[in-house]
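Written out below as structure tokens is the structure these notes cover.
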């Protein structure tokens, strides 16, 4: 079978914050860019973020996530970026061919450069009952409620007290669900105090040092069981029709591995990710990585890494010179330093340094 | 069971399109044009999208972004369609696969 084959200057895989920013920077340097994404909306996971972002003006502080996604998409279109939606990249072969399953069928693209900005997957956990309908990722619940306007259940239990768990729990309350409780095996709440305060103000109990034992039900979740880590054998039973798992994310970097990029395991960045330098080049010529696929951090970091990748592509293609690249690069590095400044960011910075230096 | 949010305090009216009818294992349900089939099913309380291959246990949407394939159903005769990514069209016929879709 012979497939249709097309050429391209730059292909960006993923239309999230990292991919759109990479596309934008490259397009501004007159590189012809095609962005490919399997969703039918551009913006990646930004389109389900309805809380206001904090941070600096540069990262859309004060705006809601989906507004940032819409803006970036609009800027890309104005800059001449072609965004192909409902198109899944099936493979990235060592000869630098991408296989794409688009609305009109499967085809091959041979780009001169590719940015892998595929984001992350939600982590899961296997426990009795985890396959019951009604058990889902917290991100899945967030998509369901904020994008599609459907609640995952009327009485929801949240496992995991990191930022995703806290934010999604609050958004479920906003949309009219009851949040029965939030559980975490850790001693402390994992997410920011500001998010924890919001759910606490609404009276949602947080069970720290509690282990998720099981989800029970016949056709779907009817109850969630927790064990108190301090009183072995004390199991608490909660009536709930839905259980959301907010257990962290792991980079979705299979395309990089398939293309032959050297991979590293870094638990603090979510698992396996392609080796890369500060300029977001992998160890394979013409292959770049950005955003959560390069280590799970946050959307603002993903945007900066995307910009960096776009500038590196433009420089390597000769679309801009060293001096132009250097100016942008210094600005981005300064902003990244700011973003990774807090205690949470510091931790990520250390992990990233381990990746850069190899 | 109705799990639709309707009016959202931040997002406002969450209607997603024209009301149409789709058929799930032969029974009609209301759905909004353009929303994912899995969301339309969930909204009326249909959470089981397939039965597991060996034990016939219920499985439902897990990731809602096309990764986990737990929501893969037979749509208009085509097997293994990820219903969390497939937009609703009027008159669609959705079947719950039992075992391996074929």
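Every read-out reported here was derived from the displayed coordinates using simple, explicitly stated rules and does not represent laboratory data. The structure displayed is predicted, hence computed values, not measured ones. Note that we place each Cβ from the backbone using ideal geometry, even for glycine, and neighbour counts take in every protein chain shown.
What is chain A's relative contact order, in percent, from Cα pairs under 8 angstrom and six or more apart in sequence?
Once normalised by length, the contact order is 19 percent.
Fewest Cβ neighbours within 10 Å first, please rank A:2, B:27, A:312, A:300 accordingly.
Result, fewest neighbours first: A:2, B:27, A:300, A:312.
Using a Förster distance of 56 angstrom, determine the FRET efficiency expected from the C-beta separation of residue A:82 and residue A:202, and round it to 0.05.
So the FRET efficiency works out to roughly 0.80.
Per DSSP helix of 4 or more residues, -39500 (n - 2.57); summed, then divided by the residues of chain B. What does that give at 222 nm, rounded to the nearest 500?
Mean residue ellipticity, 222 nm, calculated: -1500 deg cm²/dmol.
Multiplying the sequence separation of residue A:277 and residue A:61 by 0.36 nm and subtracting their Cα-Cα distance, what value in nm do you get?
Here the segment from residue A:277 to residue A:61 would lengthen by 75.0 nm.
Give me A:311, A:332, B:81 ranked fewest to most by other Cβ atoms within 10 Å of their Cβ, as a rough exposure proxy.
Sorted ascending by nearby Cβ count, the order is B:81, A:332, A:311.
Quantify how much of the Cα-Cα distance distribution of chain B extends past 18 Å, in percent.
Here the tail beyond 18 Å accounts for 45 percent of pairs.
Residue A:347 versus residue A:188, label points 7 Å from Cα toward the beta carbon: distance in nm?
Each label point lies 7 Å from its Cα, and together they span 0.8 nm.
For residue A:334 and residue B:52, FRET efficiency with R0 = 60 Å and r from the beta-carbon atoms, rounded to 0.05?
Efficiency, rounded to the nearest 0.05: 0.70.
Relative contact order of the stretch B:50-102: what whole-number percent is it, with Cα pairs under 8 angstrom and at least 6 residues apart?
Relative contact order for the stretch B:50-102 comes out at 38 percent.
Kirkwood hydrodynamic radius of the protein assembly as shown from all distinct Cα pairs, in Å?
22.8 Å
Which three lengths, in whole Å and largest first, does the stretch A:137-176 cover when its Cα atoms are put on their principal axes?
24, 17, 15
Given that compact globular proteins tend to follow 2.2 N^0.38 Å, what is the ratio of the alpha-carbon Rg of the stretch A:1-146 to that value?
It is 1.17.
Tell me, what is the percent relative contact order of chain B, built from C-alpha pairs under 8 Å that lie six or more residues apart?
About 29 percent, as a whole number.
Between residue B:96 and residue A:327, take the C-beta separation as r, use R0 = 51 Å, and let me know the FRET efficiency to the nearest 0.05.
Given R0 = 51 Å and the Cβ-Cβ separation, E is 0.30.
Modelling each spin label as a point 7 Å along the Cα-to-Cβ direction, I'd like the residue A:101/residue B:1 distance in nm, to one decimal.
In this crude spin-label approximation the distance works out to 2.9 nm.
May I ask you to sort A:93, A:47, A:127 by Cβ crowding, counting other Cβ atoms within 10 Å and putting the fewest first?
By the 10 Å Cβ count, ascending, the order reads A:93, A:127, A:47.
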